[in-house]
Amino acid sequence: MTETTHFTITTEQGRIDKVLETLMPNQSRSQLKQAIEAKLVRVADHAVKPSYRVASGDVITVTIPDPVALDLEAEDIPLDIVYEDEDVIVVNKPAGMVVHPSAGHPNHTLVNALLYHSPLSTINGTFRPGIVHRIDKDTSGLLMVAKNDHAHQSLAKQLKDKTNLREYIALVHGVIKQDTGTIDAPIGRSPKDRKKQAIVADGRHAVTHYRVLERYLNYTLILCWLETGRTHQIRVHMKSIGHPLAGDPLYGPRKTINGSGQFLHAEKLGFKHPTTGRQLVFEAPLPADFQKVIKRLEAQQSPN
């Protein structure tokens, strides 16, 4: 049923879209964004924009509409399911598969395949049922999917609170000299190309940690783990320090390793089970084409 909530602000705050994420942790970011766009977030009975600065004394009214009925086509597409129970599914997504439908990809997505397999949470509405977090089309690896709204709220809160585990294996251009590093730089849409993300002053907070696993001739294999989950985060951050991902058609150089896209794999995923509270950790091996490239690099002369 439709939910209307009122908040009275007693201290100076920031942007209303960020404030609501804190005030309403059980609502997904996309739900809150949709509510603002639909003029269902009001201050003093006036609809506000996402950039509205919340001030002391403001009375905020938020109306969250009923979930939209799902109308996507369920498709019988094979899935590599690593784990499943009544609440969650952990799936190993292949490179080349889009996670959820969009204007350019109306079907044949992971969501279409999941809907054929199981009921999913309705929190994200029509096009992203069950999807708590995403990885890019050409990134392979592990995703956690919610089968009901209770699980979705729990998993989304863990992402927001940064208590879950997400580790990636990436192959990047150049030889990274330091063994470990942290990139703390805000990410937002590129002002020069709307298809890209970039390091921008008014972007969203983004932190990526990395550790060198192996150095090759002109390439480095690294382990990355995330504090935040921004669009194209690892790809943008590694490019920003002069080590773009190999095979990346958007952020990498033209002369790169041929493949199905960037060599980036979500290898490890950990979270607390929404119902039992048990800590779960899953791993997925590198795809065959990724392993093949690594073996080829190992056969070449190493700088070590």
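The values are calculated or read from the model by the stated rules, or taken from the named source; none is laboratory data. All values derive from a computational prediction rather than experimental measurement. Here Cβ is always computed from backbone atoms with ideal geometry, including for glycine, and neighbour counts include all displayed protein chains.
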Practice item. Inspect all residues belonging to the stretch 271-292 and state whether any of them is more than 17 Å from the chain's Cα centre (by Cα), free of Cβ contacts under 8 Å to residues at least 24 places away in the same chain and over 27 Å from Met144 (Cβ atoms). Key: yes
Exercise for review: Within the stretch 261-304, track down each residue that is touching a helix residue (DSSP H, G or I) at 6+ places or on another chain (Cβ under 9 Å) and over 13 Å from Gly141 (Cβ atoms).
Suggested key: Phe271, Lys272, His273, Pro274, Thr275
Practice item. Being closer than 28 Å to Lys157 by Cβ, buried (at least 19 other Cβ atoms within 10 Å of the Cβ) and not aromatic (Phe, Trp, Tyr) is the filter here, so list the residues in the stretch 205-223 that pass it. Key: Ala206, Thr208
Study note, to complete from the structure: The condition of being within 29 Å of Arg15 (Cβ to Cβ) and touching a strand residue (DSSP E or B) at 6+ places or on another chain (Cβ under 9 Å) holds, among Thr220, Thr231, only for Thr231
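To keep it simple, each residue is scored yes or no on (1) modelled with pLDDT of 90 or more; (2) surrounded by 14 or more Cβ atoms within 10 Å (Cβ to Cβ); (3) assigned to a helix (DSSP H, G or I).
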residue	(1), (2), (3)
Ser51	no, no, no
Val68	no, no, no
Asp71	no, no, no
Val90	yes, yes, no
Leu120	no, yes, no
Point to revise | Some residue of the stretch 92-101 being under 20 Å from His273 (Cα atoms) and at pLDDT 90 or above | key: yes
Practice item. Taking Val281 as meeting all but one of (1) in contact with a strand residue (DSSP E or B) (Cβ under 8 Å, 6 or more places away or on another chain); (2) among the hydrophobic types (A, V, I, L, M, F, W, C); (3) surrounded by 16 or more Cβ atoms within 10 Å (Cβ to Cβ), write down the number of the exception. Key: (3)
Review point. Does Ala201 satisfy the condition of being over 30 Å from Glu84 (Cβ atoms), of a type in the set (A, V, I, L, M) and surrounded by fewer than 16 Cβ atoms within 10 Å (Cβ to Cβ)?
Key: yes
Check your understanding: Which pairs have Cβ atoms under 7 Å, sit 6 or more apart or on different chains, and link a residue in the stretch 86-105 that is on the phi > 0 side of the Ramachandran plot to one that is acidic (Asp, Glu) and modelled with pLDDT of 85 or more?
Key -> Gly96/Asp138
Review point. Only one residue in Leu213, Leu142, Leu217, Leu226 is assigned by TED's automatic domain parsing to the domain that holds Leu110 and of a type outside the set (Val, Ile, Thr), so which one is that?
Key: Leu142
Review point. For the stretch 143-192, which strands (runs of 3 or more DSSP E) that fit wholly inside it have 2 or more residues that are modelled with pLDDT of 95 or more?
Key: 165-173, 180-184
Review point. Within the stretch 235-244, is even one residue at pLDDT below 95 and surrounded by fewer than 16 Cβ atoms within 10 Å (Cβ to Cβ)?
Key: no
Practice item. Take Leu226 and decide whether it is within 13 Å of Tyr168 (Cα to Cα), in contact with a helix residue (DSSP H, G or I) (Cβ under 7 Å, 6 or more places away or on another chain) and surrounded by 15 or more Cβ atoms within 10 Å (Cβ to Cβ). Key: yes
Check your understanding: So is Ala35 in the same structural domain as Gln13 (by TED's automatic domain parsing), outside any loop (DSSP other than H, G, I, E, B), farther than 19 Å from Leu280 by Cβ and at pLDDT 80 or above or not?
Key -> yes
Exercise for review: May I ask you to list the residues in the stretch 200-235 that are within 21 Å of Pro50 (Cβ to Cβ) and part of a strand (DSSP E or B)?
Suggested key: Arg204
